[in-house]
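Enquirer: One structure follows; several queries about it will come next.
What follows is calculated from the coordinates using simple rules that are stated; it is not laboratory data. Worth saying up front: this structure is predicted, and the values here are computed from it rather than measured. Ideal geometry is used to build each Cβ from the backbone, glycine not excepted, and the neighbour counts take in all protein chains shown.
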Amino acid sequence: MNSQITAIGVYAPSQVITNDWFADKIETNNEWIISRTGIRERRFTEPDEYTSDICVKAVKNLIAENPGVTTEGVDFIIVGTTTADQVMPSMASQIQNALNIQDAGCLDIMAACAGFVYGIILAKGLIAAGTHKKVLVFGAETLSKFTDFNDRTSCILFGDGAGVALVEASEKSKIYNTITGTDGSHGKDLYLSQHASVVNGEEIVPNGKIHQNGKVVFKWAIQTITNKVGELLSKNALKLEDLDWVILHSANLRIIEAVAQELNVPMDKMLTSIELYGNTSSASIPLAWDLAAKSGKIKKGNKMLLLGFGGGLTYAGVIVEV
Ligand code: COA
């Protein structure tokens, strides 16, 4: 059984946080943040607004903006997030209950910024197996609740947001071949731990905040992602020229620019969400997709390469036709 993404919905929290907001609190400034990251602003959730809440709002937007689309018949819910409201129950179960979706399988996946693409790959697999037909896949984060605001190298990066894709069984295959991979030896270069534990043989700081070795992740991302775009294209017997759009995880605009330069792809083919929303981890790809769709860039029949990468360090990529 083939599958396709039939609709996308997003929710961006209403609280806009500018770069100047940080300049009052830590030693930084608007120019540094824009030149080193591309970020102009990001959104933060309210203190009582959690990941499951913004997922539900994203579905409501998806329904409102796509006439005829409903959650009726949804038989599986997958949520890619690293910032769940709580460990148990899963975000997927909370969403099932909030939207009163009957008889849906529910699970969260923890693949950091690659979570949304991993979700699409799992949904494709469930539909290909013939066991499911209509799957909601989320990438959603409330990173501001897990940010160390004393760490100026990381706190300026993160934002909150949610995206959801409806993946349905289809006659024609519109979710093409995929790639996944991980280098767990870099686990301690990007982590978030609530209690004392050991990663790669080293004790890590258990304060429930995101820790990252920005330089290492930056270098790994450029090298890995450049290679993996090539691998994904050859797995699909496609060339860069066959793609209409490329959406890499919006971690840092300089990472996207460096990969585009290595691959010789013009930047206007790269769709991003980093400028307006910061690094929203698993939500960044659907947010970029939605911005481009609303500005009229994405047309029916377009081919797009999606590639998420992050904590693990792990990556997942897929080419889709819209
Ligand atoms: N404001 C002003 N100066 C800052 C700053 C801030 N917010 N944060 C760091 N600096 C300073 C540093 O202290 C350093 O000063 P020094 O040269 O006097 O030591 C200088 O700016 C350069 O710091 P550096 O860490 O080399 O900056 P960078 O160009 O590597 O950018 C990141 C830092 C975090 C933006 C970048 O490494 C990055 O984006 N990494 C990947 C992050 C990522 O993708 N994470 C998620 C993966 S999914």
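Enquirer: Quick one: compute the contact order of the stretch 2-172, relative version, from alpha carbon pairs under 8 angstrom and 6+ residues apart, as a percent.
Expert: 34 percent
Enquirer: If you keep only loop residues by DSSP, which GluC sites (Glu not before Pro) in the stretch 151-217 have at most 16 other Cβ atoms within 10 Å of their Cβ?
Expert: Within the stretch 151-217, the qualifying GluC sites (Glu not before Pro) (loop, at most 16 other Cβ atoms within 10 Å) are Glu171.
Enquirer: From the backbone phi of the stretch 249-266, what are the Karplus-calculated ³J(HN,Hα) couplings (6.51 cos²θ - 1.76 cosθ + 1.60, θ = phi - 60°) in whole Hz, Gly and Pro given as x?
Expert: Each residue's phi maps through the Karplus curve to give 3, 7, 8, 6, 4, 5, 5, 5, 5, 5, 5, 4, 5, 4, 8, 6, 9, x Hz.
Enquirer: While we're on this one: What does the charge add up to near Gly159, with Lys and Arg as +1, Asp and Glu as -1, over the other residues with Cβ less than 10 Å from its Cβ?
Expert: Once all neighbours under 10 Å are counted, the net charge is -1.
Enquirer: Turning to a different aspect of this structure: Pop out the ³J(HN,Hα) list for the stretch 48-57 in order, Karplus 6.51 cos²θ - 1.76 cosθ + 1.60 with θ = phi - 60°, rounded to Hz; leave Gly and Pro as x.
Expert: Whole-Hz 3J(HN,Hα) from phi for the stretch 48-57: 9, 10, 10, 4, 5, 5, 6, 5, 4, 5.
Enquirer: Report the GluC sites (Glu not before Pro) located in the stretch 1-89 that are in a DSSP loop and have at most 15 other Cβ atoms inside 10 Å of their Cβ, or state none. Walk me through the numbers before you get to the answer.
Expert: Working: sites: Glu27, Glu31, Glu41, Glu49, Glu65, Glu72; in loops: Glu27, Glu49, Glu72.
Taking the stretch 1-89 and a limit of 15 other Cβ atoms within 10 Å, the loop GluC sites (Glu not before Pro) found are Glu27, Glu72.
Enquirer: Taking 22 Å as R0, compute the FRET efficiency from the Cβ-Cβ separation of Glu203 and Asn150 and round it to 0.05.
Expert: Approximately 0.65, to the nearest 0.05.
Enquirer: Rounded to the nearest Å, what's the spacing between the alpha carbon centres of the stretch 56-75 and the stretch 166-190? Just the number, please.
Expert: Each part reduced to its Cα centre gives a spacing of 23 Å.
Enquirer: Follow-up. For the stretch 39-45, take each phi angle, set θ = phi - 60°, evaluate the Karplus expression 6.51 cos²θ - 1.76 cosθ + 1.60, and give the result in whole Hz per residue in order, putting x for glycine and proline.
Expert: 7, 9, 7, 8, 10, 10, 6
Enquirer: Taking one equal scatterer on every alpha-carbon of the stretch 176-321, how large is log10 of I(q)/I(0) by Debye at q = 0.10, 0.15, 0.16, 0.17 1/Å?
Expert: Result of the Debye calculation: -0.36, -0.76, -0.85, -0.94.
Enquirer: Which percent of the Cα-Cα distances in the chain go past 24 Å?
Expert: Values: 25666 of 51681 pairs.
Distances greater than 24 Å cover 50 percent of the Cα pairs.
Enquirer: Show that you can apply the helix-only estimate: for the chain, add -39,500 (n - 2.57) for every DSSP H stretch of four or more residues, divide by all residues, and state [θ] at 222 nm to the nearest 500.
Expert: So the helix-based figure for the chain works out to -9500 deg cm²/dmol.
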